[in-house]
Each structure stands twice: as C-alpha cells, then as structure tokens.
Amino acid sequence: MRKLLIGTLLATGLTAGYAVTTQAAGESVEVLHWWTSGGEAAALNVLKKKLESQGITWKDMPVAGGGGEQAMAALRARVTAGDPPTAVQALGFDITDWAKQGVVGDLDSVAGKEGWDKVIPAALQKFAKFDGKWIAAPVNVHSTNWIWINKKALDAAGGKAPETWDELIAVLDKMKANGIIPIVGGGNAWNAATMFDSMVLSLGTDFYQKSLIDLDPEALGSDKMVEAFTRLSKLRSYVDDNFSGREWNLDSAMVIDGKAGMQIMGDWAKGEFVNAGKKPGEDFVCIRFPGTQGAVTFNSDMFMMFKVGKDKQAAQLQMASDIEDPAFQSSFNVVKGSAPARTDVPDTAFDACGKKAIKDLAEANEKGTLLGSMSQGYASPAAIKNAMYDVITREYNGDLDPKAAAEALVDAVAAAQ
Ligand code: GAL
C-alpha cells in the first residue's frame, strides 16, 4: 500500500514538484508544435496528459510541416503581434535566433534546482541555453542517419540488412525485381535534405564536419560532395514517380504496408511504425545508413519558452520541469521514436531500435562523432540551411547534375552567409 502510494505520488509529480504544481493548477499553456502525424500526436499526448493531470489546461496550436519552417513562420506572426505562445517546439539554430530577439523566457530557477547542467549533454546545452541561461527544455534526441526497412520485403530480397553502399544498391535492385517500390522519400525539400545528411555522413565524419558544419568552400565543392549528390540521385532512381509532395509519414505508411521496401528518415519514422502496432525485428528493421555506424547526425526537439504574463509563468515552469522528469522522458520517447535528452534515463522500457538509438548516441557523444543534423537545423542557421535545401531539391529533381550541384552549393552557402 505504502509502495503504491509513493508510486502514485511520483507518477503525478506531487513530491518534488509539489510547490510548483499547486501554483500552476488552474493556469494554461499554449503550445505551438508540428507534431501532427499519428506517431507524433501519440507522443505529444503523453505530455498533454501529464500537464492535465496537474490541473493545467493545454491549448494546442499545431502547425504541420517537418522541420518546423511553417511553425516558425506562425510563431513570427504571434511574436510580432506581441502575443507569443507559452512554449514552442523548436530546433537548434532557430532557438538561438529567437533568443537573440530578446523574446524568450528564463528557465534557470527550475534548471538550477533540478540540476539540468549535469544530465543534459553539452551538445544540447549549446542550443538550450543562451548567454548562460536555460531558455528551452530539451525533450529528446532524434537522429537522421537511419534506414527503416520492411522486414518481409528485406527477407524476400535475401534477408541481409545492407552494411555498405554496394550492398544497399544490391538490396534495392532485388526489391525492384520483386515488384515493389524499393525506396520512398524526398517529396519536399526538407525530406530530401534529411536523406542528404546520410549521403554526406557516409563519406566520413570529417567530411560532414568540414562541409555541412564548418562550411568550408573546398569541402562543399569537393569530389566527395559530387559523390554525395551522385548517391542521392542514384537513390532517387529507385523512388516511385508519385513521390513529389508526399509527406514523410505517408512514405512511412508505404513501408509499413509493404508497398515500399525502405525509407531513409529520422527516428520519428519509428513512431509511425510503433503507432501502427509494428515491432522491430518482426515487422521492420532499423539500421544506420551504410557507412555511418558509430556516428550520429542528431537533432533535439526542445520546448523553447517565451516571455509570458504572470498568470502563465507557474504553468510554464511546471511544463519545463515535467519535460525533464526522467520517468516522463522514458514514456514520451518510447512513443516518439527518439532517445531521451537526459543521459541518466534507463533504456529498459525501449524497444530494440530505441536501445540502439540510446547506445549509439552515448558512443558518438564519447567519440566526438555526435554531429548536428544539417537538415534539422543543427548544423547552421536557417538562411544557410535553406540555401542548401534549395540546391539539394534541384539536384534530387534532376534540374542539376551532381557536379553542377556541388558548385551551386558553394555559391549558395557563400551568398547566404
Ligand atoms: C523534426 C522533428 C521531429 C519530427 C520531424 C517530422 O524536425 O525534430 O520530432 O517531428 O520533424 O515532423
């Protein structure tokens, strides 16, 4: 009984967070986000339920679109009108850009009391803090260098998950011969750019660092970059003709149904598989993109907090505290497909792909191969990212050949700086 009672108290946050909880009850949080797919909505619901159990009202402001470009545009309108939401899902350099405008809140009171400095990796703190102050609560770590493969389709294609580029092409050829769409993706600029992260990373972590993060013109225009684009368009040749405009989660649905063999996508795709009742090892297989095992191109979803009126501040701080609650980090990320943002959350509740995500992340963090994802805004500010998106889309759609694309990338990045 005593155990049960303590368990209940812990689950509802009525122990450590008691003071904040009582203050926050009756307040509301307005949350701007782009988690509108089945798996994403299921994960968001875990957060919503937690806040509601504390008497906090959830006002939902969804703005669809992977990567959050549309969400950031909607946010701009709200900030300009002097009426920002309480919390906003945001990524990497976008967070720093908003902080520079002087409109974000201050989470130091909660972060200090709860010791966030010790449990959140430095790579994330770089974006969750500004001028030494916590301004955002990291909820997870996703990464983009994954392939999600339909298990039956892989079995029919020989059963061995590809470990090299050549093996990948051999599997795609077999899937094609078996009469399915071998691979889906690239339906919009963000989606193609997400695939491109892996093309560059598969040619070396140094190359990824020099080109996409350091923006070294030599690396951007190098033969290796030509090779990265050549790989991208090779993959495009296996994608069906109806790809254009198709959202990433519809691509996932095609892999789930077995219409398509595989998808290169961040592990939010796993959220779709899990939401459809699919299991790793039985229904689908998760692998790092061939040649990238040991490195991780990461992005962390953070809830960036805005300056709000007194009537919302307790709920805002409570939301930040809830997000960093270790038990919440586990239950949320199991559904979302991501790894926890905290390093001290056990992997017990995670499936095989989740356990791999957590292990890969720790290893990359240790080895110095944890690299910000270009496609998700963790390698460079939006202006440069968008300039890259533009060149990648043109190449993916056949408007530029790989050599011309590498040259265009050098010019586009220079112009955007
Ligand atoms: C990413 C975000 C993920 C996922 C994805 C697709 O930018 O970090 O959490 O939601 O977009 O919407």
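The values are calculated or read from the model by the stated rules, or taken from the named source; none is laboratory data. Given the structure is predicted, the values throughout are model-derived calculations rather than measurements. Positions of Cβ are backbone-derived with ideal geometry, glycine not excepted, and every protein chain shown enters the neighbour counts.
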### Message
Any residue that is within 16 Å of the ligand (Cβ to nearest atom), crowded, with 18+ Cβ neighbours inside 10 Å and farther than 25 Å from residue 97 by Cβ - is there at least one of those in the range 348-355?
### Response
yes
### Query
Would you say residue 398 is surrounded by fewer than 17 Cβ atoms within 10 Å (Cβ to Cβ), farther than 25 Å from residue 36 by Cβ and without any contact (Cβ under 8 Å) to a residue 60 or more places away in the chain?
no
### Query
Of the residues in the range 36-56, how many are without any contact (Cβ under 8 Å) to a residue 60 or more places away in the chain and not in a helix (DSSP H, G or I)?
3
### Sole residue being within 16 Å of the ligand (Cβ to nearest atom), in contact with a Ser or Thr (Cβ under 6 Å, 6 or more places away or on another chain) and not acidic (Asp, Glu), chosen from 43, 74, 64
64
### Task
Among the residues of the range 257-275, write down those that are assigned to a helix (DSSP H, G or I), closer than 27 Å to residue 323 by Cβ and not small (Gly, Ala, Ser).
268, 270, 272, 273, 274, 275
### Message
Looking only at the range 259-275, filter to residues that are away from the ligand (no atom under 16 Å from the Cβ) and either among the aliphatic types (A, V, I, L, M) or over 19 Å from residue 187 (Cβ atoms) (or both); which one of those is surrounded by the fewest Cβ atoms within 10 Å (Cβ to Cβ)?
### Response
260
### Query
How many residues are farther than 30 Å from residue 79 by Cβ and either of a type outside the set (A, V, I, L, M) or within 16 Å of the ligand (Cβ to nearest atom) (or both) when one looks only at the range 304-334?
4
### Query
Which members of the range 167-206 meet the condition of being within 16 Å of the ligand (Cβ to nearest atom), of a type outside the set (Ser, Thr, Tyr) and in contact with a Ser or Thr (Cβ under 7 Å, 6 or more places away or on another chain)?
187, 189, 190, 192, 193, 196, 197
### Query
Within the range 276-303, restricting attention to residues that are within 11 Å of the ligand (Cβ to nearest atom) and not in a strand (DSSP E or B), which residue is nearest to residue 104 (Cα to Cα)?
301
### Message
Within the range 59-83, take every residue that is of a type in the set (D, E, K, R) and farther than 18 Å from residue 101 by Cβ and give me the one that is surrounded by the most Cβ atoms within 10 Å (Cβ to Cβ).
### Response
60
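Table: residues versus (1) assigned to a loop (DSSP other than H, G, I, E, B); (2) touching a helix residue (DSSP H, G or I) at 6+ places or on another chain (Cβ under 9 Å); (3) modelled with pLDDT of 95 or more.
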{"position": "305", "(1), (2), (3)": "no, yes, yes"}
{"position": "314", "(1), (2), (3)": "no, yes, yes"}
{"position": "318", "(1), (2), (3)": "no, yes, yes"}
{"position": "355", "(1), (2), (3)": "no, no, yes"}
{"position": "362", "(1), (2), (3)": "no, no, yes"}
{"position": "378", "(1), (2), (3)": "yes, yes, yes"}
{"position": "385", "(1), (2), (3)": "no, yes, yes"}
{"position": "398", "(1), (2), (3)": "yes, yes, yes"}
#### Entry: Those residues of the range 140-160 which are in a loop (DSSP other than H, G, I, E, B) and surrounded by 24 or more Cβ atoms within 10 Å (Cβ to Cβ), in sequence order
144, 145, 157
### Task
Could you list all residues from the range 77-99 that are away from the ligand (no atom under 15 Å from the Cβ) and either in contact with a Gly (Cβ under 7 Å, 6 or more places away or on another chain) or free of Cβ contacts under 8 Å to residues at least 12 places away in the same chain (or both)?
77, 80, 81, 82, 83
### Task
Return yes when residue 108 is touching a residue at least 12 places away in the same chain (Cβ under 8 Å) and over 20 Å from residue 267 (Cα atoms) and no when it is not.
yes
### Query
So residue 123 fits all but one of (1) more than 16 Å from the ligand (Cβ to nearest atom); (2) surrounded by fewer than 23 Cβ atoms within 10 Å (Cβ to Cβ); what number is the exception?
(1)
### helices (runs of 4 or more DSSP H) (entirely within the range 161-235) containing at least 2 residues that are under 19 Å from residue 66 (Cβ atoms) and within 19 Å of the chain's Cα centre (by Cα)
189-201
### Message
I'm told residue 72 meets every condition in (1) at pLDDT 95 or above; (2) in a loop (DSSP other than H, G, I, E, B); (3) of a type in the set (A, V, I, L, M, F, W, C) except one. Can you identify the failing condition by its number?
### Response
(2)
